[in-house]
Every structure is written in C-alpha cells, then in structure tokens.
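The values are calculated or read from the model by the stated rules, or taken from the named source; none is laboratory data. Since this is a predicted model, take the numbers as computed values, not measurements. All Cβ positions, even for glycine, are placed from backbone atoms using ideal geometry, and neighbour counts span all protein chains on display.
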Amino acid sequence: MSTILNWSVREEEVTREDLVMFVNACFACTGQKEFYSHGYGDRVSIDFLHEYILGNYRLLYARTLAAGINHFNTAQIILKLLATGKDTLPENKAEEGTLIAAALNSLPPQRAWKLLEQLKQRRINNRRSRAIVREYINQHKNINFQAVKYRSKLREIVSHIHLKLNGELGNFLFSGWQKRVYETELFEKFRQAHYSAEAIYELPYTVAEGLAYKHKIPRQIFLSRIESQMTLGEKLRLQKTAERTDKVKIELNWEKLPLTKLALYILSLSIKKRSENWHLFHEGLLKAARNILSKSPLKLGKVAAVLDCSYSSSGSSEKRRRPLGVALAAHYLLKIAAIEYKSFWTGDIKEPLLVTARGQTNLATPLLNAIEYNPDLIVIISDAWDNDPPNGAAEVLRIYRTKLDPKKSIAIAHFNPVFDTDNYNLRSISPLIPTLGLRDAEDLPTMLNFARFAEGSANLKELEEYLAGRVEQMLSKHTSSVFISENKTQI
C-alpha cells in the first residue's frame, strides 16, 4: 500500500516538474539564436517539449495559453492543438476551442496571419480549425486594412477553409481587383497605387515599399514621405539603417514604447546620447514601468536585484542586447514596485542607464552584497553562465541556504531570459533557488506569482488551480462565438 502511495506522490511530482519546466521554457524560448546557442537547436528543443507535454498533459497544455507565455510559444500551442483536435476529450472541447480563439486574438496580426497560413502548409483543415479561422476573420475589427497589408496570406487562408466573403473583400482578394473601381477607400487607393506613384503614400508602409520599387522611387525620397504611415515597430526597426545607409532621419516617438523595448532602444544609443538625455530616458522608463504596474499590480517590500551585465548579456545577432535590456527594464520595474530597492550589477555600474555588456560573469560578489543589504526578496536576472569564479554564486547560495538562512528569511528567485537548448530547460545558478523564464520585464509580476511552483513549495493541485484561474481570467475578457461540441461546430 505504501509503495502505491509513494508511486502516486512521485507521479504528481514528475507532472508538476514537467509543467513548470514547460511554462518556463515558453516564457524564455523564442526559437531564435542566443549568445551560447543557435536558433535551430532552440527550435528543435522547444518542439520536443511541446510534443511531450501535448502527448501527456493535453488539458494543462491548452491551459498554458492563459499563463501569459510569449507569442512564439502561443502560436506553437495553437497550431498543435488545431492539428490534433480529434484527441481532445469531449468534456474539454468547449474550453479548448474557446482558449484557442482567445489566444489567437491576443497575438499581433502579423503572427496570427503567419500562424493561420501554416494551417494550409500543414494541411490542417478540420471542422474546428475552419470555425476558429472563420470567427477570427469575421470578427476582425480592421479586416480591410489587414487584407491590404497581408493580401497573399489572407487569400491563401480564405481559399484553404473555403470561406465565402461578403462585399468587396472577396473581389479584392480574388476577382481581378486591378480592373475594378472600389467603394472601399483603402482598396481603391491600393488599386490606384499600381498606376500612380503619388497614391502609394496613403498605403501601409510594408505594402507601399514594394510599389515604390515598381515605380522606381528613390529610397531616400520614399522613406521621407512614407514615415507617417509607419507603425512604431517599423520605425524602431528602420531607424538605425535608414539613417546610416539612406541618409534619412526617421522620427521615433520612443515615449510610446513599452518598457522592455524602450530599454533596448536606449541601450542601442551611444553613451554620449544616453548621458545627454539621461533625465528624459530616466523619466520615460519610470513612466513605462508605472503603466505595467497599473495593469498588473505588484507590491513588494525591501528588494535587492542582482543584475548581469557581462559580455554574454549582449545577446545574439537576432536578439541584440536583449538579456541586458531585460535587466535594465526589470531594474526600473522593481524600483517602482518596491518600498525600498537597491540594484547590484556584475560590473562596476554607477549609473544603470549607461550600462554596457562587458567582462566575465561574476554573480558571487553582487549576490553577497545583496544578502548583506538584508532585503525581503532578492531577484537575480542572469543567463547563469557564472564563470568568475566558476559556480561562485552557487557556492554562496549553498552556504547561505544550508548554514546561515535555512528558514529562508530572504526569498531568492532567479530569472533567466535565455533558453538552454542542450537541457531543454533554463540554465540554473543553484538547485536551492527557483529559476524562471523571462523574455520581457513586463512578465515579472506574473513570474513572481509563479515562483512558488518552480521552487517546489506548491503541489500539482495548486498548479492546476493556478492555471484554471488564469484560464477563467482570460476567457472572461474574451467572448467567443465558437462552441465546439462532440458532434457539431456552431458559429
């Protein structure tokens, strides 16, 4: 009897560990190249994790959509759930279908259309996938704009699910649109832009760019005139290259950037520019942090942050300075959330806004300083490649947790913005503290709540209740007309 009970307890522990590992990976991994790994390895590793969790814990796999994970993994979960709908238990069909619809609507349009395009590439065309795609298109608030910007993708998706479109949308996508005059203003502008160079400046930037090449408009002139049509993200991506290669200065309203993107933008500037605009950037980061906390309240006591600014925090060619940007953004978030706060960097940093990625990773020294500060909570943000001395922080934590503070009077949590391809997990500093994934500083409030599961102080039932609560919150914000039952799909 005791053997059976022990086996049951161990089975629950394994399930909890598997789910915690998966959620952590879904926060940190984006399938892109990292400082110590290449993108292909990341994609193989995370795909293995998805298949493993889907095959063994389907309901909890679907509920991970509500945990606040990044867009890359949200798209992967939606795609895999739609591809394997026949494996869903009848009692879970309604919840799973509504979760997919809600998560799809939460994605940026470019990711959503790319995801739906993959349905055709993978030949996924079951009843539920058609219903969800149909709802997404019919309820999209700005479908005409989307049709112009993502015309080829939308045409393939509509054709794949055999969707009948009303009004001019169908004609625009399929029926010789160049020969028609449209009542829909945007469609008509798109038609005119094929014949008039002047008309392209009223189109979205990504659409106008191809037509500018067709009309042989000089790049410098095109960029200077199309700027008003660019999104904030497009301006952010183009600003540096446009100024360097095209001699065009694109004005960026950086004050509207979210916290982590703002931190990354500031870090891309020279030390001189950061120094000259220190007050503006400082206030901008504080304002962005307050905006996050107004939506996701986080009230902390006395907090110390150990922040990694070693050379590996410079990221990769695909994720430039992201680990360092997450650390800087988290510094400002914790500064606002805590009653009392102090940061300890791995380098000799006197002013965080002027930080650069350089040197070896010495986590032991700032960790000792953070412990001496005697806070309620220590937050460590690092990729955990502690090499100066090797495993120095692990030894500090071993002695501190086992000899000096076995009752854990100071809570310590490690947040890693980098996925470890080789171990299908996040690289950990020490098994004595929880390690959690963190792609953006904006996720910090969510992951602090999740820390007790990573630490092992909460059991499987509590984890399941936590995910169920997140599902309830997500679905309360989303009213879907898709209802999936065992025998029918209703729209």
In this structure, is residue 310 over 19 Å from residue 370 (Cβ atoms), modelled with pLDDT under 95 and either hydroxyl-bearing (Ser, Thr, Tyr) or more than 18 Å from the chain's Cα centre (by Cα) (or both)? no
Residue identified as of a type in the set (S, T, N, Q), crowded, with 24+ Cβ neighbours inside 10 Å and modelled with pLDDT of 90 or more among 382, 409, 428: 382
Regarding segment 265-285, can at least one residue be identified that is within 18 Å of residue 351 (Cβ to Cβ) and either outside the structural domain of residue 361 (by TED's automatic domain parsing) or touching an Asp or Glu at 6+ places or on another chain (Cβ under 7 Å) (or both)? yes
Evaluate the following for residue 416: is it under 29 Å from residue 284 (Cα atoms), polar (S, T, N, Q) and crowded, with 16+ Cβ neighbours inside 10 Å? yes
Taking interchain pairs and intrachain pairs at least six residues apart, which have beta carbon atoms under 9 angstrom, with the first residue in segment 203-224 and touching a residue at least 40 places away in the same chain (Cβ under 8 Å) and the second assigned to a loop (DSSP other than H, G, I, E, B) and surrounded by 16 or more Cβ atoms within 10 Å (Cβ to Cβ)? 204/230; 206/150
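Of all the residues that make up segment 338-371, how many are among the small types (Gly, Ala, Ser), at pLDDT 95 or above and out of contact with any helix residue (DSSP H, G or I) (no Cβ under 6 Å at 6 or more places or on another chain)?
Going residue by residue through segment 338-371, those that are among the small types (Gly, Ala, Ser) are 338, 343, 347, 357, 359, 364, 370.
Among the residues that remain, those that are also at pLDDT 95 or above are: 338, 343, 364, 370.
Restricting the remaining residues to those that are out of contact with any helix residue (DSSP H, G or I) (no Cβ under 6 Å at 6 or more places or on another chain) gives 338, 370.
Residues that pass the stated criteria total 2.
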Qualifying residues in segment 398-427 (those that are out of contact with any strand residue (DSSP E or B) (no Cβ under 7 Å at 6 or more places or on another chain) and aliphatic (A, V, I, L, M)) - the one farthest from residue 309 (Cα to Cα): 404
Go through segment 396-449 and give me each residue that's over 25 Å from residue 298 (Cα atoms), in contact (Cβ under 8 Å) with a residue 60 or more places away in the chain and among the hydroxyl-bearing types (Ser, Thr, Tyr). 421, 424
Of all residues in segment 279-295, which are among the small types (Gly, Ala, Ser), over 16 Å from residue 327 (Cβ atoms) and surrounded by 14 or more Cβ atoms within 10 Å (Cβ to Cβ)? 284
Considering only residues that are surrounded by fewer than 24 Cβ atoms within 10 Å (Cβ to Cβ) and either within 13 Å of residue 287 (Cα to Cα) or among the β-branched types (Val, Ile, Thr) (or both), which ones fall in segment 332-344? 335, 336, 337, 339
Among the residues of segment 279-307, how many are assigned to a helix (DSSP H, G or I), within 23 Å of the chain's Cα centre (by Cα) and touching a residue at least 40 places away in the same chain (Cβ under 8 Å)? 7
